[in-house]
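K.L.:
Shown below is the structure under consideration.
None of the figures in this text is laboratory data; all of them are computed from the coordinates on show. Since we're looking at a predicted model, the values are computed, not measured. Glycine gets a Cβ as well: all are built from the backbone with ideal geometry, and neighbour counts include every protein chain shown.
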Amino acid sequence: MLSLNPTQAKLGWGTPQVVLSQVSKSRPGAPKFESREAQELSRYAEPMARLIEELRKLPGVGTKSAQRYAFHILRGSDEDAAALADAVRDLKASLRLCSICNNVTDVDPCAYCASPSRNQRLVCVVEEPTNIAAVERSQSYQGVFHVLHGTLSPLHGVGPDQLRTGTLLARVERGEVDEVILATSPTLEGEATADWLANALRKFPIRLTRIATGVPAGSDIEYADEVTMARALEGRREL
Ligand SMILES: [Zn+2]
């Protein structure tokens, strides 16, 4: 344990930054104080600074929000703090990926893959586990899923090998699938991913479909941009 006592200052450790760098070197996992925001963090007691630093890593959480959450936890009961810590720990300890569809699950295979009431021969391919909830909200899908955990993105170095496509291709190869619905987002990366998968799956005797994109329900077509309008026309259906 190191502290900022005068004796150490006299021993020539110099400015507080030097002392802090000694602290982070001495204990792996200790927050590294680099930016001005981080220097502000160094004014807090070490356990508080550490929690703020960890909370700041969450998406959409800046230093101010992280400080608010950390002080909220500090002011709360011991039970609430322990419940939060347990929930975080259990998340990593008890969740895994479904060995069939890559969905995040606590039982393997996941509830969808194990369900006798769902059509196991109809597979909807999505980018992320959270996309499953979006499809399920429609209440009009009774098949199963395959989660890629990402999209092709050459700019970020994500090629076909980084996508989790292996178990999907194996399922199709074994003749266990009648239709694959490519439900990646209509973004550049999502379209590239759908194209790549379509090429990889085309040689198999299955129905291969892409979700329709177009004018959002409840909106005025006056406000649809040209790409959306073109897609809406492409995806039109007989009445
Ligand atoms: Zn599954």
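K.L.:
Beta carbons within 10 angstrom, averaged per residue: use that to sort the peptides 112-119, 216-223, highest first.
P.N.:
On the way: 112-119: 13.1, 216-223: 8.2.
Going from most to least packed, we get 112-119, 216-223.
K.L.:
Here is a further query. Based on the alpha-carbon gyration tensor of the range 31-94, what equivalent-ellipsoid semi-axes (square roots of 5 times the eigenvalues) come out, in whole Å, largest first? Don't jump to the answer; show the numbers that get you there.
P.N.:
Numbers: eigenvalues 96, 38, 22 Å².
With the √(5λ) rule applied to the range 31-94, the semi-axes are 22, 14, 10 Å.
K.L.:
Can you compute the modelled spin-label distance between Lys64 and Arg236, with each label point 7 Å from Cα toward Cβ, in nm?
P.N.:
Spacing of the two 7 Å Cα→Cβ label points: 5.0 nm.
K.L.:
In percent, how large is the relative contact order of the range 104-234, given Cα pairs closer than 8 Å and 6 or more residues apart? List each step's numbers first, then the result.
P.N.:
Values: 161 pairs, mean separation 27.6, N = 131.
That works out to 21 percent.
K.L.:
Oh, and also: So how long is each side of the range 104-234 along the principal axes, counting just the alpha-carbon atoms, biggest first, in Å?
P.N.:
46, 35, 31
K.L.:
So, one more: Describe numerically, in nm with one decimal, the distance between label points set 7 Å from Cα along Cα→Cβ at Gln39 and at Ala133.
P.N.:
4.0
K.L.:
Give me the one-decimal nm value for the distance between modelled label points at Leu169 and Glu226, 7 Å along each residue's Cα-to-Cβ direction.
P.N.:
Between Leu169 and Glu226, the simple spin-label model gives 3.8 nm.
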